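Just below is one structure, and these are the notes that go with it.
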Amino acid sequence: MKKYVLLAATLASFLTPFMGSAINLAIPSIGREFHLDAMMLNWIVTSYLLASCAFLLPFGRAGDLYGRKKVFLAGIVAYTVFSLLSGLATSGQALLIFRVLHGIGGAMIFGTGMAILTAAFPPQERGKVLGINVAAVYTGLSLGPVLGGFLTHNLGWRYIFFLNFILGLIVLLVTLFKLKGEWRDVRGEKYDLAGAFLYTLGMASFMYGIASVNAGTLAHMILALGLLLMVMFVRQELRFSFPLLNLSLFRNLIFAFSNLAALIHYSATFAVGYLLSLYLQVTRGLDAQVAGFILLAQPVLMALLSPLAGRLSDRVEPRVLASLGMALSAAGLFFFSLITSTTPLWVIVGNLVLLGIGFALFSSPNTNAVMSAVEKRYYGVASATLGTMRLVGQALSMALVTLFFGLYLKGRAITPEAGTLLMKSMDLSFLLFAVLCACGIYFSLARGEVRAKQGER
């Protein structure tokens, strides 16, 4: 039974990063076909992330109460259907809507997949299986640029979504016919519907407001509304007997700082593939296929080293490995802020290797620290919280890029003629990301000893 749980969770974990990294290579082609400017192209990526992070926590809690397999299965169905519809989109606006719905399906998967996996394996095997799961994520990231570039160059960007549709069908069949039983660690508690409403609307408003802050007064009002709703959400959670998010978990410094470290790291690193895809295709004039092979360097190192880092975190304090990984990421991001239109490609590849090592050393140990810091009954909430930090970080990363693109590119299309403005946006983005990552090292180190916490329990 455990092997099928691992198979289903691993396949699902492969899907979304594969799509995310593949679509980066298709962005210039989508822009040309639908005549989209730089801001609209950013929203093709950001809309998925915004929807995912807004719905992830509510679906994670729903899985705890009503059955994680049910929510997971519904997510696979939605994700598969909207992959097909995205590939059939006839306009940029239609693609944007399908990407939002795509993201809601992704939230169902993210909110339950890791919790199912963690509950199915004993603590002494947890680091190993989480390492395998993270390796699947990075395998998706690895194949995304290669297949995404190949499909875009030879068949067209729509075939990225069609391939994702086929992969989704495979995951659906494995889940339906091989995953028996159900996972529910919480019984007799009520669902916090008011909290779910406040959180979803507040998170969506907050993230949209940040990404659109250059748009004027309306965007500022939406951002303020998002902040107000999130404050109301916190108040609701403190008063409700069975909260959507148990805020008392954040009194545990290991849990709190590990999640904060994840938020910072993903905020600083997620947009790297998107920015470099534009740099290689627009500034350097490479086709999508060649750009995909260059971007392969980072995720390959992630996939190779993540299982090793996961197993190592069962014996070595996770904060040590994760902090080292974050330091390497900060160094790589700072270097990218210095590149020019003539930087040798082998130097770009070498720095992507450095980032890949840093990311692998950070992610698996940090995930192990989060899940090891809570009791079994909170696995669903812990998984959803960590997933929320990841997706909020990814959305913030793209929101910051959108902000800087708005400063320099404004409503211009991303073309070779706009190469100088694109480079200025990239340089500022990478510099801010490097500073964020450097600050995150403190929280990674300050989280405390996971081994001591496990001994107390």
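The values are calculated or read from the model by the stated rules, or taken from the named source; none is laboratory data. Keep in mind that this is a model prediction, so the values were computed, not measured. Please note: Cβ atoms are built from the backbone with ideal geometry, for glycine as well, and neighbour counts cover all protein chains shown.
Residue check: is Ala78 modelled with pLDDT of 85 or more, under 14 Å from the mean Cα position of the chain (by Cα), part of a helix (DSSP H, G or I) and not polar (S, T, N, Q)? For Ala78, the condition - modelled with pLDDT of 85 or more, under 14 Å from the mean Cα position of the chain (by Cα), part of a helix (DSSP H, G or I) and not polar (S, T, N, Q) - is not met. The residues on offer are Met232, Met203, and the sole one that is touching a residue at least 40 places away in the same chain (Cβ under 8 Å) and part of a helix (DSSP H, G or I) is Met203.
Can you pull out the residues in segment 81-125 that are outside any helix (DSSP H, G or I), aliphatic (A, V, I, L, M) and in contact with a Phe, Trp or Tyr (Cβ under 7 Å, 6 or more places away or on another chain)?
Ala89, the sole residue that qualifies.
Scanning segment 229-245 for residues that are among the hydrophobic types (A, V, I, L, M, F, W, C), surrounded by 14 or more Cβ atoms within 10 Å (Cβ to Cβ) and within 25 Å of the chain's Cα centre (by Cα) gives Leu229, Met230, Phe233, Val234, Leu244, Leu245. Looking at His153, is it more than 22 Å from the chain's Cα centre (by Cα) and either charged (D, E, K, R) or buried (at least 17 other Cβ atoms within 10 Å of the Cβ) (or both)? Considered against the rule, which asks whether it is more than 22 Å from the chain's Cα centre (by Cα) and either charged (D, E, K, R) or buried (at least 17 other Cβ atoms within 10 Å of the Cβ) (or both), His153 comes out as yes.
With respect to Arg284, determine if the residue is in contact (Cβ under 8 Å) with a residue 12 or more places away in the chain, among the charged types (D, E, K, R) and surrounded by fewer than 24 Cβ atoms within 10 Å (Cβ to Cβ).
Criteria met by Arg284.
Can you give me the number of residues within segment 236-255 that are touching a helix residue (DSSP H, G or I) at 6+ places or on another chain (Cβ under 7 Å) and touching a residue at least 40 places away in the same chain (Cβ under 8 Å)? Of the residues in segment 236-255, 10 are touching a helix residue (DSSP H, G or I) at 6+ places or on another chain (Cβ under 7 Å) and touching a residue at least 40 places away in the same chain (Cβ under 8 Å). Of the residues examined, Ser47 is not one that is out of contact with any strand residue (DSSP E or B) (no Cβ under 7 Å at 6 or more places or on another chain), of a type in the set (S, T, N, Q), in the same structural domain as Leu7 (by TED's automatic domain parsing) and within 17 Å of Phe165 (Cα to Cα). Across segment 6-26, the number of residues qualifying as more than 16 Å from Gly75 (Cα to Cα) and surrounded by fewer than 24 Cβ atoms within 10 Å (Cβ to Cβ) comes to 3. Considering only segment 211-221, I want to know if a residue exists there that is in contact with a helix residue (DSSP H, G or I) (Cβ under 9 Å, 6 or more places away or on another chain), surrounded by fewer than 20 Cβ atoms within 10 Å (Cβ to Cβ) and not hydrophobic (A, V, I, L, M, F, W, C). Yes - at least one qualifying residue is present in segment 211-221. Only one entry in Ala119, Ala9, Ala38, Ala115 is closer than 25 Å to Tyr208 by Cα and out of contact with any His (no Cβ under 7 Å at 6 or more places or on another chain), namely Ala38.
When only residues in segment 304-348 that are farther than 20 Å from Leu422 by Cβ and β-branched (Val, Ile, Thr) count, which is surrounded by the most Cβ atoms within 10 Å (Cβ to Cβ)? That would be Val320.
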